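**Q** Below: one structure in structure tokens.
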Amino acid sequence: MINTKKVIVVLPAYNASETLQKTYEEIPFDIVDEVVLVDDNSTDETLQVAKALGIKHVLMHDENKGYGANQKSCYKKALSLGGDIIVMLHPDYQYTPKLIHSMAYLIANDVYPVVMGSRILGKGALRGGMPLYKYIANRFLTLFQNILIGQKLSEYHSGFRAFSAEVFNSLNLESNSNDFIFDNEMLCQIFNKGFEIAEITCPTTYSSESSSINFKRSMTYGFGVLRVSVQYFLHKKELVSFEIFK
């Protein structure tokens, strides 16, 4: 706990057996009270590794429902356990759990309600092995989003995020996609509710074991990002109403 606030780390997992142990062992259990892992019907040994590590709260989807659906399950479980601060961390070791301290304390001390680990602040992305085409796409999409959304984030696409429970109680997450665009829909919902988001520099590690979507899925994701940004712009201008912002 921090300041009597319960800290829960959620791990949305899919085929993470090679990196799960390394990720789990770096979680700072001096402040983290619980870990929740949701396995999205992996085809590898993710579930077995999770149980061997002694993760108490392990859930499994009976079919592959998608990254967004995995997060929905993660957050529902974390909130049911009484989480006050919920940290979403990819178990592929692309992001270091050592930053959980910094992220959680910003929320626990009521500085910000949401904190993101940014791969773009500093030079961590390319140095850590982010493919050049992904870096360029990240910069283009982020510029487009900042213009339409009216914010100044360094990136909208990090998989390392921390939230206060208050944020979840304000959002209509069930209306969001079950796919990768869930992340961007959630951020737009957060801004729509007037919450501020902090960013901290996060070193990044890309390896053969790191999860990644292929070029075709990346294109689908990119167009989805553009769509959500336009929806947010139209909603804020009160031109069109969208379910995710209700």
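**Q** Of all the accessible heavy-atom surface of the range 1-156, with the other protein chains kept in place and a 1.4 Å probe, what percent is carbon and sulfur?
**A** Details: 3640 of 6860 Å².
Ligands and nucleic acids excluded, carbon and sulfur give 53 percent.
**Q** How large is the dipole of the chain about the Cα centre if only Lys and Arg carry +1 and Asp and Glu carry -1, each at its Cβ, rounded to the nearest 20 debye?
**A** 720 debye
**Q** When the Kirkwood radius is taken over all Cα pairs of the range 131-235, what Stokes-Einstein diffusion coefficient follows at 10 °C and 1.306 mPa s, in µm²/s? List each step's numbers first, then the result.
**A** Numbers: Rh = 14.8 Å.
This corresponds to a translational diffusion coefficient of 108 µm²/s.
**Q** Still on this model: Work from the charge dipole of the range 95-179 (Cβ charges, +1 for Lys and Arg, -1 for Asp and Glu, about the Cα centre) and give the residue of 176, 150, 136 farthest towards its positive end.
**A** My answer, from the dipole projection, is 136.
**Q** How do 190-198, 8-16, 154-162 rank on mean C-beta neighbours within 10 Å, highest first?
**A** The densest-packed peptide leads the list: 8-16, 154-162, 190-198.
**Q** Hey, another quick one. Output the DSSP H helices from the chain with an along-axis C-alpha extent of no less than 30 Å and a mean Kyte-Doolittle hydropathy no less than 0.5. Don't jump to the answer; show the numbers that get you there.
**A** Values: long enough: 215-236 (32 Å, 0.06).
Membrane-span-like by this rule: not one helix.
**Q** Between 245, 9, 54, whose Cα lies farthest towards the positive end of the dipole of the chain when Lys and Arg beta carbons carry +1 and Asp and Glu beta carbons carry -1, centred on the Cα centre?
**A** 245
**Q** Could you work out the relative contact order of the chain, using alpha carbon pairs under 8 angstrom and six or more residues apart, expressed as a whole percent?
**A** 23 percent
**Q** Counting Lys and Arg as +1 and Asp and Glu as -1, each charge on the Cβ, what is the dipole of the range 113-169 about the Cα centre in debye, to the nearest 20?
**A** 280 debye
**Q** To continue, here is another question. Quick one, which of (1) 126; (2) 116; (3) 159 is the actual volume of the Cα convex hull per residue in Å³ calculated for this model?
**A** Of the labelled values, this structure produces (2).
**Q** In whole percent, and with a 1.4 Å probe on the protein chains, what portion of the accessible area of the range 176-246 is carbon and sulfur?
**A** Looking at the range 176-246 in its full context, I get 56 percent from C and S.
**Q** Continuing with the same structure: How large is the accessible surface of residue 92 in square angstrom, using a 1.4 angstrom probe and rounding to the nearest 10?
**A** Per-residue accessible area (residue 92): approximately 10 Å².
**Q** OK, next. Keeping all protein chains in place, calculate the accessible area per residue for the range 124-246 (probe 1.4 angstrom), answer in Å².
**A** Values: 6150 Å² over 123 residues.
Accessible area per residue: 50 Å².
**Q** Sticking with this one: What does the charge count around residue 113 come to, taking other residues whose C-beta lies under 13 Å from its C-beta (Lys +1, Arg +1, Asp -1, Glu -1)?
**A** So the surrounding residues net to -1.
**Q** Something else: Report the per residue volume, in Å³, of the convex hull enclosing the C-alpha atoms of the range 35-161. Kindly include the intermediate steps, with their values, before the conclusion.
**A** On the way: hull volume 18.6 nm³, N = 127.
With only Cα atoms used, the range 35-161 gives 147 Å³ per residue.
The values are calculated or read from the model by the stated rules, or taken from the named source; none is laboratory data. What you see is a predicted model, and the numbers here were worked out from it, not measured in a lab. Because the Cβ atoms are built from the backbone with ideal geometry, glycine has one as well, and the counts that use them run over all protein chains shown. Surface accessibility is based on the protein's heavy atoms, side chains included, excluding ligands, DNA and RNA. Shrake-Rupley method; radii C 1.70, N 1.55, O 1.52, S 1.80 Å.
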